[in-house]
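S.K.: First the structure, then my questions, so here it is.
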Amino acid sequence: MKNAILSFKPIGVIRSTHTEAEKTPIQPAYARGCKGQAEIFREFENGLCDLEDFSHIYLIYHFNKAGPAKLKIKPLREDTERGIFSTRAPLRPNAVGLSIVELLRREKNILFLDNVDILDGTPLLDIKPYYYTSWRDRVPPLRTWRT
C-alpha cells in the first residue's frame, strides 16, 4: 500500500468569485453570502437526482493550486505551528479539500451554492449529502486545540 498510486477523475468544476487564495475565506463559516456553483459534467448529471432534497452538501475537491506539501504549518490566526493533519490547510500530502456548503437549488447539471470557501476553477471530486450522514456521524468534540 505504501507505494500505491491512486487516480481520481473530476466529476465537475467549482465556480466562485474567489480568484486569489490569500483573499479566499478559510472556512464556510466565514464565507456566508459567498455564492458559487458546482458545474457537474454531463456524464454525471443523473447522479444528482434527489440531491435538491438536501439543504447542505459536502464538496470533496482537489486543492489544484496548493503549493508543495508541508507536515507542519502555522494556521491563520494561530501563533503555534501545528501538524498538517490537525488542520484543514491545503498544503497536504494528498491535496484533498472538504467543505460543507448550502445547496440553494439545482438546474440540470448546475448546483447553485452559498457559503463557498473554494477557489474558482477547483476540480470537484465528489458530493455527499450533509443531512443524510450528519445524524449518523454526529459526535460531540471532547477535545481540541481550537477551544
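S.K.: Run the simple label-point estimate for residue 105 and residue 81 please: 7 Å along Cα→C-beta, distance reported in nm.
M.R.: 5.0
S.K.: Take the Cα atoms of the range 88-128, build their convex hull, and give its volume per residue in Å³.
M.R.: 96
S.K.: Sort largest first and round to whole Å: the equivalent ellipsoid semi-axes of the range 12-135, each the square root of five times a Cα gyration tensor eigenvalue.
M.R.: Those come to 26, 15, 14 Å.
S.K.: Still on this model: Give a quick list of GluC sites (Glu not before Pro) in the range 64-106 that DSSP marks as loop, anything other than H, G, I, E or B, with at most 13 other Cβ atoms within 10 Å.
M.R.: The qualifying sites are 78, 81.
S.K.: On to the next question. Reachable lysines from residue 65, Cα under 24 Å, same-chain residues fewer than 8 places away excluded?
M.R.: Candidates past the 8-residue exclusion: 9, 23, 35, 74, 128.
S.K.: Kindly state, to the nearest 0.05, the FRET efficiency for residue 19 paired with residue 69, given R0 = 25 Å and r defined as their beta-carbon distance.
M.R.: Efficiency at R0 = 25 Å is approximately 0.60.
S.K.: Another question, if that's okay. What ranking do 17, 122, 80, 87 get, fewest neighbouring Cβ atoms within 10 angstrom at the top? It would help to have the intermediate numbers written out before the result.
M.R.: Working: 17 12, 122 25, 80 7, 87 18.
Placing the least packed residue first, the sequence is 80, 17, 87, 122.
S.K.: While we're on this one: So for the pair residue 8, residue 94, with labels modelled 7 Å out along Cα→Cβ, what separation do we get in nm?
M.R.: 0.8
S.K.: Here is a follow-up. Checking the cross-link filter: which lysines have an alpha carbon closer than 23 Å to that of residue 2, excluding same-chain neighbours under 8 positions apart?
M.R.: Result set, ordered by chain and number: 70, 72.
Read the figures in this text as sums done on the coordinates, not as results from a lab. Owing to the predicted nature of the structure, the values given are computational and were not obtained by experimental measurement. Note that we place each Cβ from the backbone using ideal geometry, even for glycine, and neighbour counts take in every protein chain shown.
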